[in-house]
Every structure is written in C-alpha cells, then in structure tokens.
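Structure record follows, encoded as structure tokens.
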Amino acid sequence: MDALPYTQTSMAKRSCPCPSEIPLLQSTPPPDHMDRLLESFLALSDSQSSSSSSSSSFSIDLSFDRLLESRASSDVDQKLLIDRALQLGSDLLEAAKRSARKHASKHNSLAWALPPDLTIKVFSMLDTQSLCYAAATCSLFNKCARDPSCYADIDLTTVVPKVNNAVVSTMIHRAAKSLRSLKLGIVPGPTVTPGSCQPLVYTIKNSVDVSNFSWNDKRSRQGRESSILTRSCLSPLVGDNAAPGTLLRVLHLYNIERMDNTSLCGALSACPSLLDLEIVGLHVELRQTLMSVSGNCHLMERLFFESSKIGRDDSLKSATCIDLVNNCPHLSSLALRGFKLHDYKVRILVKGFRKLRYVDFSTSYSITGAFLRNLGSSVGGNLLEVLILRDCMHLKEVEVARIATAVLAGDFRSLRHLDISNKEGLASEGDWYERCYKSSVIPIRQVLAERPDMCFLAEFPTEGSYIDIDQMLDSGQDSEISLPSQFSSHTSDASIFMSSSESSYNSDQGSGNEDARDAGYVIYEESSDEVDFLML
C-alpha cells in the first residue's frame, strides 16, 4: 500500500484534499503508469495467495485503516477516500468480468463446432424462450440469435403476465419482414390447448395460479404494469411496405385486456397475408373485427374468435357475414365462441364458405340448430368434417334430432366429429327453459351403427344443474316444426357416443326462425330487434 501516490505532508496542509493531490481516481494516469500500478497491485495479491484468504483480507483492512489515519485529517477526507476505494474496486471488478466474458467468447468461438450460418439455422428452430436462453449464453450465441430468421415465429404466450410491449417491439423489429407467426398474451394454464373446447378466456383479477408470477407485491404500481401488454403492443406491425406485418401468416392474441378495436383493426390492416387469426378474451367487438378481416385479410383460412363476455356481444349483422363470405373465400375453419349468434346469420356463414370444414359455435347464445336444415347435401354443409355446438344454451333437442336424422339419411358425408354436449341439457321444442337431459328423439344409437368412423359426443348431466334463469338471455325463438311420431318420446340416455353416418337434411324448411317464404325473399326474424331480408 506504500506505492499509492499520496504524501502525508500534502494531506496535512489542507482539511480537504484537492483533486491534484489524489490523482488515483480524479485524473487519468498515463497508460504505462496505470499498467505498472495495476501490475503491482495484482502482484501483491499473488504474494499473499499462499496465506489464507481471511488473513489476506485482514491485512488489507489494516493497511486501509492506516491509510485513512495517516492521509486523512477529517471525516470528510476519510469519506472521500472510502468512496474512491469503493469506486476503484467496482471498476476493477467490472473490468475483470468483461475480460472473463471476452475470454469465454473466444474460447466458445474456437470450441463451437458449427459455423455461424448453421448455428443461426439451429437457433431458428428453437422456440422463443429457448432462443432467449441461448442468446444470454455468450456473445457468439447472442450475435447469431439476432439474425431475423430466428424471429420468424415469435411465441410470447405465458401462463401469467411477464411480457411487456418493449420485449414484443424488440423481437418484431429484429424479425422485420421475416416475421411469419406472432403469438401474444396469457393462456390460462399449461393443460389448455388453443382451439380446444375448453374456454381460454382469462382475467388477471380472477387468476388463481401465481406460482410463477413475475410481479412482486412490494413493487410499485408502475413496476407491476411493466409486465402488462397494452393496446400498442401490435403497433410495430404497422408501417410502410417494409413493415413486419406485411408477410405475417399467423396472429394469435390471448387475454390482452387493454386491447381495443382501433388498435386491433389497425394491426390487421397491416397484415394482408394473414392466414390464421386467433383472438381470445379481447374486449373487442365481433362485427368490427370481422369487418376488418374481410376488408384486409382476403387470404384468411382459419378464424378463431372467443368472446370475453359470453352471450353479451350481439353486434354481428347479416351484411357483415355476407362481406366476410365474399371477401374471404378460402376460409376452411371458423370458430365463433361465446357470442350471441342467430341461426340465419350463422347459416349465411356456413352455407357461404365453399371450403369450410371446421365449425365451432360453442357457448353461443340464440343458436337453436335450425341453421343446419337442408345444408347436409349442399356445398356449404357437405364438406363439414367437424361441427361443435357444445354448451349452446338455446340448442334445441328437436334440431339435434334432425341433424342426426340427416346423417342417417346420407347427408354430411364428410362429417367426422359432432359435439352437441351441454352441461345444462338441451332446450325443449316449446320452451327453452325446460331442459332435456335424456332423449330418445335423437337417434344416437342408429348413427353409431351407421357411421362407426364418426365421433358423436352427446354429454349431458344426469340431472338438472340449471343456472340462474335471470342470468340468461331470452332468445324468444319458437319453431313450428314437428318430428315424426317415432321421435317423440324422452327415455334413452345420452352420454358419450362414438358413431358414424352420412346424412341428408330432408326437412323442407329453410334455415329456421322464418315467418314467411315469399317468392323472392325469406324473412328471418330473431329475438333481436333486427329483421333482415336476404335475397335468395
């Protein structure tokens, strides 16, 4: 410690040392002087390496105490020297860490067997989280992980909120026009697979599983909100012709509570190549979203939309359905779950899409099943492979029976999966408040025998578990259709059935909910105040 460039006389003359008197940290010494000083310090450490670490530390403590007593005449001087010692130690530690990283990177670049182009190829096959882990390993991997091809498929879905807008923006800008798939938001639980019948809607306020929660309750509100995606998380997709959204094929958004229609529609306008859109739990309106899809995403093949508030969104208009059918002719998979849909609107969609194979209207209100009449032998219904009407509150027993009868008659030839399960039972013909839990009206066993290759799910509770009627939305729909007498009793059980059959809808009725069939028009009336006239 005697090599430190302080003089006792200079310290004794003044109560507060000036910068020139302690040049160690106040001014930068010449490089050779700094090199010799650092070499002497490290040599001192080597000379004490043979002794125990505790004795070495004790020796440094004593030396520093003597320095304080001999070089500093006041508390201010001592504090100044202590601060400078801390700064010097911190600088030396950071320099050692940087050198260690450089050494490790050099070693990795020599030891890593793959060239950079193959390394980038491997990284492009990783999921987003694994890519981030690899990028944090060393500078070599970090450099390779910055290639745009590594961010072609960005999946930032999590079980709990821990991704913010800055992370999304960084990855989208790294991907640039290489971006092909973007998945954001909160998927409630690792057992839930997007696209399954299990609801995917999730709210932060009602969340229970916080085992991996990234927020700290002691943090400020601002700190917690830093892990929340907001409406601007999709803004990096928008731009000029070189915008990242130009070639985007897949966009999945889950439970981003602050997303609104303006932001979502703005992002969709920048994604003309979109093929697969999945929206779950967003507070956006169905009609505006479908208008944006039909206006901008003409190549759409799969559309999955689950409402954040079951049965409350009654915004869909028949004109919107017609525009969607005309502007998105390639749609083969359609799921609208939890919305208030009416049979005549649904019929426009199912009958209009010529390539439709997958349909899911689970948990939707007002659907009675009448939209499927006469569809089994038409282009719109004959290609259907999957039809899911699970937990549709107004789904009528008589309409389900007609569907099954049509399958037996040879229609719906491509149908492989039919799900009409309902945890509240099916609605009866006269009054939907009256629920049916056992029924012989539905020829399930015959369908099982005729179509062994088809999965027929009809899961009903053994007894009524009917929810509060006041929470229901009355559809006010009545049908004047009666089945043959052999389908009038209510005796046989209906649980889980695997069956098969090909079908034809022999009913001479239209889509249901009609009051008249004029020569040029069919007037469809629903429980909503809207009456639409559809030219045939």
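I'd like the Karplus ³J(HN,Hα) series for the stretch 439-448: coefficients 6.51, -1.76, 1.60, θ = phi - 60°, whole numbers in Hz, and an x wherever there's a Gly or Pro. Residue by residue, the stretch 439-448 yields 8, 9, 5, 8, x, 5, 5, 5, 5, 4 Hz.
Inter-label distance, Lys79 to Leu62: 3.0 nm, where each label sits 7 Å from its Cα along the C-beta direction. Karplus-based coupling profile of the stretch 337-344, in residue order and whole Hz: 10, x, 9, 8, 10, 10, 4, 6, with θ = phi - 60° in 6.51 cos²θ - 1.76 cosθ + 1.60 and x standing for Gly or Pro.
Using the beta-carbon distance between Asp32 and Ser99 and R0 = 22 Å, what value does 1/(1 + (r/R0)^6) give for FRET efficiency, to the nearest 0.05?
Numbers: r = 19 Å, r/R0 = 0.88.
Using R0 = 22 Å, I get an efficiency of 0.70.
Taking amide hydrogens as placed 1.01 Å from N in the peptide plane, the amide H of Cys455 sits under 5 Å from those of His417, Leu418, Ser499, each at least 5 positions away in sequence or on another chain.
Would you mind checking the pairs Lys345/Lys396; Lys121/Lys183; Lys309/Lys345; Lys143/Lys183; Lys355/Lys423 and listing those with alpha carbons more than 26 angstrom apart? Don't skip to the answer; put the middle values down first.
On the way: Lys345/Lys396 17 Å; Lys121/Lys183 21 Å; Lys309/Lys345 20 Å; Lys143/Lys183 24 Å; Lys355/Lys423 31 Å.
Pairs exceeding the cut-off: Lys355/Lys423.
Calculated from the alpha-carbon coordinates, the stretch 48-174 shows an Rg and a Dmax of 23.6, 65 Å respectively. Remark: C-alpha extents of the stretch 79-134 on the principal axes read 55, 26, 11 Å, sorted largest to smallest.
Separation of the stretch 331-390 and the stretch 85-155, taken as the distance between their Cα centroids, equals 50 angstrom. Approximating the spin labels as points 7 Å out from Cα along Cα→Cβ, the Ser139-to-Asp91 distance works out to 2.1 nm.
Among Asp260, Asp83, what's the order by accessible area (1.4 angstrom probe), most exposed first? Mind dumping the intermediate values first?
On the way: Asp260 45, Asp83 70 Å².
I get Asp83, Asp260, largest accessible area first.
Here the stretch 122-168 yields Rg over Rh of 0.97, to two decimals, using C-alpha coordinates and the Kirkwood radius. Projecting label points 7 angstrom from Cα along Cα→Cβ for Lys355 and His283 puts them 3.6 nm apart.
Amide H contacts under 5 Å for His252: Leu182, Lys183, Leu184, Glu278, restricted to partners 5 or more places along the chain or on a different chain, H placed in the peptide plane at 1.01 Å from N. A DSSP coil position with no more than 16 other Cβ atoms inside 10 Å describes the following trypsin sites (Lys or Arg not before Pro) in the stretch 392-431: Arg416, Lys423.
Amide H contacts for Met259 (H built 1.01 Å from N in the peptide plane; partners 5 or more residues away or on another chain; cut-off under 5 Å): His283.
I need the shape label for the stretch 227-308. Rule: rounded when a/c is under 1.5, else prolate if a/b > b/c, else oblate, with a, b, c from the alpha carbon gyration tensor. Oblate is the answer for the stretch 227-308, as a/c is 1.5 or above yet b/c matches or exceeds a/b.
The values are calculated or read from the model by the stated rules, or taken from the named source; none is laboratory data. Keep in mind that this is a model prediction, so the values were computed, not measured. Backbone-built Cβ (ideal geometry, glycine too); neighbour counts: all protein chains shown. To get the accessible areas, we keep the full protein, side chains included, count just its heavy atoms, and leave off ligands, DNA and RNA. Shrake-Rupley method; radii C 1.70, N 1.55, O 1.52, S 1.80 Å.
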